[in-house]
Amino acid sequence: MTAHSGDRAPVPLDQPYYGATLPIAFTRFWRKYATFSGRASRSEFWWWMLCGGIVAAVIVAIYVPSLLAARTGHGLRWDTGLTVTVVLAGAWFVAAIVPSLALAWRRLHDANLRGLFWLLGLIPSVGWIMMLVLILQPTNPRGIRFDRAAA
């Protein structure tokens, strides 16, 4: 198996980091921006999901005061708060979509599943449940087949 967080030697980027902490998972997420080969541990994946969720919540929270102040009328009122929220949400989506997809792909590899299983998540209504079940799978040592061979 590979090195764990308790080991003294740092875990190379081409190996999964089992027992990753939030700062380590955050850093590895951005450093492996478009890396679809290799594997990602559950801790790397879930710490990033927490970070991504917090960023999304902060972006939405920008619009909440403006929404609460406009209690009159029906429907969505386009104002500065909504404009800022849409711009920030769009920028965040563009910045995080590729590395998020790559991380999920590598997480599937760690469970010894092909990254293309990610496409199951696109099935309406039930796709996200199927993806969740696959992402939650424990590490399978046979997933090493997805690592790049050392040159």
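Hey, among the residues in the range 95-128 that are among the small types (Gly, Ala, Ser) and in contact with a Ser or Thr (Cβ under 8 Å, 6 or more places away or on another chain), which one's surrounded by the fewest Cβ atoms within 10 Å (Cβ to Cβ)?
Among those that are among the small types (Gly, Ala, Ser) and in contact with a Ser or Thr (Cβ under 8 Å, 6 or more places away or on another chain), it is Ala111.
Considering only the range 8-23, state which residues are touching an Asp or Glu at 6+ places or on another chain (Cβ under 9 Å) and aliphatic (A, V, I, L, M).
Answer for the range 8-23, where residues must be touching an Asp or Glu at 6+ places or on another chain (Cβ under 9 Å) and aliphatic (A, V, I, L, M): just Ala20.
For the range 13-69, name all the residues that are under 13 Å from the mean Cα position of the chain (by Cα), more than 18 Å from Ile135 (Cα to Cα) and free of Cβ contacts under 8 Å to residues at least 12 places away in the same chain.
Thr27, Ile54
Within the range 109-151, track down each residue that is of a type in the set (D, E, K, R) and within 20 Å of Leu13 (Cβ to Cβ).
Correct list: Asp110, Arg145, Asp147, Arg148.
Each value in this text was obtained by applying a stated rule to the coordinates, not by laboratory testing. Owing to the predicted nature of the structure, the values given are computational and were not obtained by experimental measurement. Counting neighbours? That spans all protein chains shown, and the Cβs are built from the backbone with ideal geometry, glycine included.
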